[in-house]
Amino acid sequence: MQAVIQIKDLNKQFGGIVVADQIGLEVHAGEILGLIGPNGAGKTSLFNLISGLYAIDSGSIFLNGKPLAGMSTVQRARQGIARTWQHMRLFPSMSVLENLCVATRHFGAENILNLIVRPLSLKQAQASTEQKAMHTLERMQLHGLAHSSIGDLTFGQQKLVGLARALMNDGNCLLLDEPMAGVEGAAYETIKDIVREEALSGRAICVVEHNISFVKDLCSTAIFMANGKILERGTVDDLLASKTLETLYFGGAAA
């Protein structure tokens, strides 16, 4: 089976700081891969390299077998890479619904000529986008807040909106950067259920998360990173039993 995301010999450094050191991994359709490790391990930097926010120094990244070299962040998003952010980067001046609508994968109104020669088609496309956004909000149990401003939402609700916005991109690669940070209660369970559903629908999902219980519940495979390197990979239970992880992540003493 071809990997949705395939990374080979990936390297990146900023001055003397190495954030990716010969990284190699694959994520397949329907898989939820967990990335764990201490702060500064290079986990978010890896997402930035995949999504095109950082340029790689060497190595290769493929999406559905297609090399991503030379593609901008916008082009990669249109190819089907969606992500969330540690700091959600929502648009505070827009409503919840508008925050989702601007994240759709293809939107013809970006082309000025379309506004002139295809106004009816664009109106229909906008209606379809809003319908999809409302359906996504219903999944998040936020449909009653569609026309609310972002500032009126709780932190947990804003995290749900961040995930909902990523789901507006219907590609098959989803990168989740600490989706559970600061989340508890009903929002926690909702996010967990939706991530599981998205994997079952065929998305390849990679999760950066410090909540080990969340990773253990959802991820069949996990990777432990430190200093830009993959040090261990295996099941979550395997990693939890690792002395390397105990020493570098939990501060335990090596045997």
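To the nearest ten degrees, helix 185-200 and the longest principal axis of the Cα atoms of the chain are 90 degrees apart.
The value for region 1-61 of Rg(Cα) / (2.2 N^0.38 Å) is 1.12. Take each peptide in 157-170, 123-136, count the other Cβ atoms within 10 Å of every residue, and average; sorted highest first, the result is 157-170, 123-136. Per-residue packing, averaged as other Cβ atoms within 10 Å, sorts the ranges 43-50, 82-89 into the order 43-50, 82-89, beginning with the highest. Computed about its Cα centre, the charge dipole of the chain is approximately 720 debye, with only Lys, Arg, Asp and Glu carrying charge at their Cβ. Restricting attention to region 125-255, close to 50% of DSSP beta bridges with both partner residues there are antiparallel. Amide H contacts of Ile5 (H built 1.01 Å from N, in plane; Pro and chain starts excluded): Val27, Asn64 sit under 5 Å, all sequence-distant by 5 or more or on other chains. If both residues of a DSSP beta bridge must be in the chain, then about 55% of such bridges are antiparallel. Over the chain, dividing the summed -39,500 (n - 2.57) contributions of all DSSP H runs of at least 4 residues by the number of residues returns a 222 nm mean residue ellipticity of -11000 deg cm²/dmol.
I'd like the orientation of helix 119-139 relative to the chain: the angle between its Cα long axis and the longest Cα principal axis, in ° from 0 to 90, rounded to 10. Orientation of helix 119-139: about 50 degrees from the principal axis. Any aspartates and glutamates with Cα under 14 Å of the Lys43 Cα? List them, leaving off those in the same chain fewer than 8 positions away. Qualifying aspartates and glutamates at Cα under 14 Å: Asp21, Asp177, Glu178, Glu209, Glu232. log10 I(q)/I(0), Debye, Cα-only the chain, no solvent, q = 0.11, 0.15 Å⁻¹? Per q value, in the given order, log10 I(q)/I(0) is -0.62, -1.10.
Straight-line cross-link reach from Lys132 at under 17 Å between alpha-carbon atoms covers these aspartates and glutamates, not counting any fewer than eight positions away in the same chain: Glu98, Asp170, Glu197, Glu198.
Show me 220-230, 191-201 ranked by packing, highest mean number of other Cβ atoms within 10 Å first.
220-230, 191-201
Treating r as the C-beta distance of Asp9 and Gln75 and R0 as 30 Å, the FRET efficiency rounds to 0.85.
All of the numbers you see were taken from the coordinates with simple rules; none came from a lab. This one's a predicted model, so the numbers in the text were calculated from it and none came from an experiment. Note that each Cβ is placed from the backbone with ideal geometry, even for glycine, and that neighbours are counted across all protein chains shown.
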